[in-house]
Structure formats: C-alpha cells, structure tokens
1. Considering only the stretch 224-236, how many residues are within 19 Å of the chain's Cα centre (by Cα) and either farther than 25 Å from residue 449 by Cβ or crowded, with 17+ Cβ neighbours inside 10 Å (or both)?
2. Which ones in the stretch 566-588 are part of a loop (DSSP other than H, G, I, E, B), in contact with a strand residue (DSSP E or B) (Cβ under 9 Å, 6 or more places away or on another chain) and either modelled with pLDDT under 90 or surrounded by fewer than 18 Cβ atoms within 10 Å (Cβ to Cβ) (or both)?
3. Out of everything in the stretch 443-468 that is out of contact with any strand residue (DSSP E or B) (no Cβ under 9 Å at 6 or more places or on another chain) and surrounded by fewer than 24 Cβ atoms within 10 Å (Cβ to Cβ), what residue ends up being farthest from residue 211 (Cα to Cα)?
4. Could you say whether any residue in the stretch 542-550 is farther than 27 Å from residue 262 by Cα, surrounded by fewer than 16 Cβ atoms within 10 Å (Cβ to Cβ) and either modelled with pLDDT of 95 or more or not assigned by TED's automatic domain parsing to the domain that holds residue 633 (or both)?
5. When you go through 85, 62 one by one, which is the residue that is outside the structural domain of residue 163 (by TED's automatic domain parsing) and either outside any loop (DSSP other than H, G, I, E, B) or free of Cβ contacts under 8 Å to residues at least 24 places away in the same chain (or both)?
6. Can you name every residue in the stretch 12-34 that is surrounded by fewer than 17 Cβ atoms within 10 Å (Cβ to Cβ) and more than 23 Å from the chain's Cα centre (by Cα)?
C-alpha cells in the first residue's frame, strides 16, 4: 500500500519528512510512501511578521491538499500547527521521534560571544525577543524570516551578528557545526512542539487512525479515592508514577500529586467553590490533545471514575478518535462513608442492599427521589448467580419488562473477567461456570467499554519475563491497548561469589554488564554492601537498556556499541591494543557464556569471569487465556515448555528477546513470529502489532 505524503518544499521539511517516513517503514515494512512537496503562505510571504500570522500560515496549502484527496497525509514541524487545528475536518498526532528542543545562538564562523558589541540579533518570536532583552540589553533586535539556509546566509552576509534558531533544525540539516552555543531551557523555555513532527490526515480515515494507535499511549482514567491518598489502588499509584501529564480534579488529599515524576505536568481541571476551572468539553479535548502528542496521560478523578464522574463523556471522545484507554476504579465516597465509618449498608439480618442516586437533575435543578422514580433504577445483585433465573421470574412478575437488559459479570476486575449479556427473559448462568459473579439489571447492562482499543486491539499478552523487566513489558503492552498477563517463569538469584567480588570492586579498571537484569542485580549488591559509588570502575554495557538502568543510580556507561545492542555487537566494538593490561570484571548469568570474557582476553585484558546470578524456575498450576506470549530469555522458554508443552503455543503469536531466546524456541520446533533485535522491551508493543498486521 502506497500513501501520498505532502510536506513543505524547504530542505528542512524534506529532510525531516524523509527521516520520519524511513523510521515508519522500518517498523512497518508493508507500507510505502510517495513524497510530494508543497509551498505555503508562510513560504511565499516573507514580509509579514510571524507574530501576527494566521494559524495556518505554514499549513494552509497542505491542509487543502489533504482535504481534497490530492494527498493522504501531511508531515509538519509540530510547532507550525496551532491546536486545535483550524479546520475541524482534519485529525493529527505527533510522531515519537524528536530532536533536542533547545534554541541556540548562531554566530559567524570564527566569532565568539565575547567579541560582541551592540550586536544585531535576528529573532522571530516574542519569547526569543524577551530573552535577548534580558541577556543582551545593548543589542539591536531585528526580525528575521526565511528558511534555515537563508537565515544563515543573511548572518554570513553581515545583515546580523547573531541569529537565534532551533537547534533541532540545524541538526536535521547536518549543520550542527554552526551551533555556537546552546541556550539552557531555564533561560529560554521552548514550546513543547519544538523539535517534534506532526502528521495530519482527514478526520475519520480508518487506516491512519489505526496506525496512530501505535504512536499514542493509552489514556489512564484513575480513581483517586476520597479523603486520603491511601484509598487509591496500587495500580492507580503505579500509573501516577509513570505519567507525563496528569489532569486532576479537586482532590481532598493532594499528596497524590507528589507521586508524579519530577518532569510530569499537573493540570487542575476540577471544580472549586461551585465553579469549574474549565468547561467539560475543554477537559475532554485537552485529554485527546495530550494523547495525540504521544504523552502518557493520567486523568485522575476523585473517588471512582464511573460514579458521577463524567467518565462516559471523556471516553466517548477517545472512542471517536480510536485512542486507547484504560479505566482503573477507585474507592468511592459511597464506600468510604459507609464501610469506612461503620455505617454498614449491608448487615446480616438488618439490610440486604441499598439505593444510590442524586436529587440533582441535569442542568442543576431538583429531581424526583420518590418510590416510583427509584423503582426504575438499575438493580445490582450480589451473590446471586445461581438464583439468576428465579430472580428474573420474580422481577417479571412484579411488572419488569422481560426485555429489560440484564448481565452477569464473573470475576469483575480480574484477568478472567467475563460478561454474559441478555434480558430478564433470557438471563441464566454460564453452564459449568463456578467463578463468583454479580447480576446487573437495567439499561446499564446493555452498555460497556469499547472492547477493542489501540494497536493491539485488546490482545491478551502472556509476559513470562523476570520481575526485573516485567514493569516495562507491561507498560509497552498497555500503551498500545493490550492486556498484559504477568506470569514470570524465572526469578533471578544473586550468587554469593558475586557479593565477594563487589567488596573488592575497586581493584578493577572495568566492569562488564550485558543485560538490564545484570545491571539491576549489580546495583542491588552495591546498595546491600554500602559500596561507595564514587569508587565504581568504568562500566561496559551492550545497549541503551543497560545504560538506562545504570542512570537510575546516577552511574553512566563508559563503553557501549552505537548499534547492534547485544553481546555480539559489543564484541565487535572491542578494538585491539586498547585493552592490553586492563583489569576487567565480567558479571553475567550462568546462561550467558564466556564469549565476552574470551574476546577481552584475546585483546590482552586480565579478565575475571564471574556468575552474577542464576535463573530459578517459577511454577504455575495453569495459565490464563492468552493470544500472544513474550519470552525474554532462553530460560523462560525452557520453563514454559517444561510446564505446559509446545502445544500451548499453537495459534499464538510469539515474540522473543534476542537470538539465544529464539534458538531455544526453535529447538522445540517453533519459529518466533518476531525477534526484538535490541536488548530492550520498549518496542514489544510495536512488535506484537506487526505480527497481527502480517497475520
């Protein structure tokens, strides 16, 4: 399938668009693109000020081409667009790849900031002008327009002494050497869109809405509980700790906001003193906007999201855009005010149930709360499944319509949750089902959340990896609307000899760690032995996954391949001559083998090859229903086959991490559907999506 892609005809636009398309093809080789260059009012009109330019100054021609069908989509610098888009018939999202967002100072070659005297500085925005007024009070400020090469040409010709530009633009054009000085973000904040690329397409286009679902992250609707931060669920707390942006209501305990990462944005959208901080429609659009920027959005709602929380309106907009989401219930005020105080709504011999309603009508007026009104309310019955048919007959006998929607919910909130729908006339338990359940009768029984969401479309993914990488694997699956099923098949146990080597760590020049799990256990041993991190030797790792784990402790990798992130890729970077006489400690699992240690010895190093940890099998009596499985190690494959056999993989998608894991699977006669080439689980969701598309 080939798509026609429009972009502005400047060198920068063409370069960044081609790079983005190459990245997309790298993920989804079944796609191809034809690039068509366009101009824009902003390219043709170099006299008007950008500060007063219309919202579509750099996108109008592309917008019209998309809407007319001349092209299928357009790629823009994200900061060239205004949000919401001026034309409501267009939809959009940001691509996940981006450059450094900082601005920079560009001077003529050979000149420095110290030599400037009453410099003429070219700027193109109010924020850059404010920076110049603060940083260069004696400067002459002049507006500058044109393409990046044109602005540099104006500088070199002497029209300006300094030009302020986005560093991302210079890097994408291969002009990094022209950057004289990077401007720190605390001195000159830049728009979130700077350095990022946006894709626009016709609203409702099913193919690009589907593809977008692989580049946006599922929105999390989290119940904050009421009164105390302790009433949020554990899953809700985990989502807060991984958020990029949190839209929160008026909370009684704002300590929850302290759980957000330091760089996360907290946006208040609640109600105070009877007034809303913003209309509900704006809140709904803000959620969708942040999600399309590729941010991990948490919508934090007081109490439980589904009880008088306007949840249906917010997820309705996401349903329309096919943006995935996940709803995590919370402890509601109803539960806190009753179970929490001892005023129990159900008490044996006294009360078998309760009615919940509001005396407020739509629009704020008063509403009837009488017995006739209450009789029309939905009915929830606990511990009732075996009596379902008898209950239905009684209600019909009391005057309920036989066509009233009814549902039985088994194992609500669990991995094996199942909903059986029908009417009062057809309601009956599932044959052979022994799981606990409850009955819901009334109009809500006919509704429900969208069952398919995101690129993974509700795929149930069995995650067999160790506890150490499980959170990242779960996150990757949830981000694309999948259902992670955590069943670690191995646990990692540190070896006693490794602890002894930690105590003498300062006798080595280098330490080699070639898996994120090895890094985590290494850091745990450092902490348990109270080892001074300032004495840690230089560190060799095989990829960004390991480097990222080191950074959690303030340590940094000193040697890492630029590509081919594996033990084999690391060996290929070990140049002769450099390692002669170096004292190196190689930490590994008992499964990893001695190839890295051997390669270093061949190059003259003195190597201690030490087993850092061993894999222990974790056993289960049974497995949940699953559509796909992820193996991160050969040990996990062996454990699965030992416990459940290769037949359980029939008809399932299988993704593995690394060639050794693939080899272990092939020994059982099964070829993996996809192999993660990098030692990281961050791309797991995209790999699973690729296997489903190519099925």
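The values are calculated or read from the model by the stated rules, or taken from the named source; none is laboratory data. What you see is a predicted model, and the numbers here were worked out from it, not measured in a lab. Using ideal geometry, Cβ is built from the backbone for each residue, glycine included, and neighbour counts are taken over all protein chains shown.
1. Just the residues of the stretch 224-236 that are within 19 Å of the chain's Cα centre (by Cα), to begin with: 234-236.
This time we only want the ones that are either farther than 25 Å from residue 449 by Cβ or crowded, with 17+ Cβ neighbours inside 10 Å (or both), so: 236.
The number of residues fulfilling the criteria is 1.
2. Restricting attention to the stretch 566-588, the residues satisfying the condition of being part of a loop (DSSP other than H, G, I, E, B) are 566, 573-582.
With the extra rule that they be in contact with a strand residue (DSSP E or B) (Cβ under 9 Å, 6 or more places away or on another chain), the set shrinks to 573-574, 579, 581-582.
Answer for the stretch 566-588, where residues must be part of a loop (DSSP other than H, G, I, E, B), in contact with a strand residue (DSSP E or B) (Cβ under 9 Å, 6 or more places away or on another chain) and either modelled with pLDDT under 90 or surrounded by fewer than 18 Cβ atoms within 10 Å (Cβ to Cβ) (or both): 573, 574, 581, 582.
3. Taking the stretch 443-468 first, the residues out of contact with any strand residue (DSSP E or B) (no Cβ under 9 Å at 6 or more places or on another chain) are 451-452, 455, 457.
Filter once more, keeping what is surrounded by fewer than 24 Cβ atoms within 10 Å (Cβ to Cβ): 451-452, 457.
On the way: 451: 18, 452: 14, 457: 12 Å.
The qualifying residue farthest from residue 211 (Cα to Cα) is 451.
4. No, every residue in the stretch 542-550 fails to be farther than 27 Å from residue 262 by Cα, surrounded by fewer than 16 Cβ atoms within 10 Å (Cβ to Cβ) and either modelled with pLDDT of 95 or more or not assigned by TED's automatic domain parsing to the domain that holds residue 633 (or both).
5. On the way: 85 fails: either outside any loop (DSSP other than H, G, I, E, B) or free of Cβ contacts under 8 Å to residues at least 24 places away in the same chain (or both).
Criteria check complete, one pass: 62.
6. Listed by number, the residues that qualify are 14, 15, 18, 30, 31, 32, 34.
Quick grid of which residues meet (1) in a loop (DSSP other than H, G, I, E, B); (2) loosely packed, with under 11 Cβ neighbours inside 10 Å; (3) assigned by TED's automatic domain parsing to the domain that holds residue 244:
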{"site": "278", "(1), (2), (3)": "yes, no, yes"}
{"site": "318", "(1), (2), (3)": "no, no, yes"}
{"site": "323", "(1), (2), (3)": "yes, no, yes"}
{"site": "349", "(1), (2), (3)": "yes, yes, no"}
{"site": "369", "(1), (2), (3)": "yes, no, no"}
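Listed here are the residues, each with its yes/no results for (1) in contact (Cβ under 8 Å) with a residue 12 or more places away in the chain; (2) in contact with a strand residue (DSSP E or B) (Cβ under 8 Å, 6 or more places away or on another chain); (3) more than 14 Å from residue 488 (Cα to Cα).
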position	(1), (2), (3)
617	yes, yes, no
635	yes, yes, no
640	yes, yes, no
654	yes, yes, yes
660	yes, no, yes
668	yes, no, yes
676	yes, yes, yes
